[in-house]
Amino acid sequence: MNILVLEDRAMSLQSMKELLVDKHHKIYECSDIYDANKILTTLENDINCFIIDLAMDPEGLKDINLIERTENGNYTGWVWVDEIVLKRNKKLKDRIIIFSAYIGEFESYMKQYNIKDIFILSKGDPEWRKKLGNKLDELQSQSNS
């Protein structure tokens, strides 16, 4: 699969990248919203999955209302997915993986949104590699059928 990874911390990206490479996925690394917008614009129809960190600099969202929605950058990844990715293609919702250290705070923030199809995984979960690997296998098998 072609996976866009939006992660601003190199160490987190490296850990995830090892798993993705082992599973033979093509990775498009984005360290900020600018990179993510460029890749989405260029490869929009080729991206099969999005793995998104939540907390990062909101610069690149361009709209002051979107920047305010990030709550000082705490939910930048989600705002980008909700306002940019899903507005282009709602069918991608079940191919979004939120991978963050701030899942507890995020779940209370998200009560106002319909997120039932989005896979949410905590960076603090000791089983994150296994859970992420299983989710990617599931998405891969859906893509092949």
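Across the stretch 107-145, the number of residues qualifying as at pLDDT 80 or above and either farther than 15 Å from ASP94 by Cα or of a type outside the set (Gly, Ala, Ser) (or both) comes to 25. Within the stretch 89-143, the residues that satisfy the criterion of being under 19 Å from ARG69 (Cα atoms) and part of a helix (DSSP H, G or I) are ILE103, GLY104, GLU105, PHE106, GLU107, SER108, TYR109, MET110, LYS111, GLN112.
Restricted to the stretch 1-12, and to residues there that are surrounded by 14 or more Cβ atoms within 10 Å (Cβ to Cβ) and farther than 17 Å from THR76 by Cα, the residue that is nearest to the chain's Cα centre (by Cα) is ILE3. Please enumerate the residues belonging to the stretch 33-74 that are among the polar types (S, T, N, Q), free of Cβ contacts under 8 Å to residues at least 40 places away in the same chain and not in a helix (DSSP H, G or I). Correct list: THR70, ASN72, ASN74.
Right, LYS38: among the charged types (D, E, K, R) and modelled with pLDDT of 95 or more or not? It is true that LYS38 is among the charged types (D, E, K, R) and modelled with pLDDT of 95 or more.
Among the residues of the stretch 63-116, write down those that are surrounded by fewer than 17 Cβ atoms within 10 Å (Cβ to Cβ), closer than 22 Å to LEU40 by Cβ and hydroxyl-bearing (Ser, Thr, Tyr). Hit for the stretch 63-116 is TYR113, nothing else. The residues of the stretch 1-28 that are under 21 Å from THR70 (Cβ atoms) and in a strand (DSSP E or B), listed by number, are LEU4, VAL5, LEU6.
The values are calculated or read from the model by the stated rules, or taken from the named source; none is laboratory data. Keep in mind that this is a model prediction, so the values were computed, not measured. For neighbour counting, all protein chains shown are included, and Cβ atoms are generated from backbone atoms with ideal geometry for every residue, glycine included.
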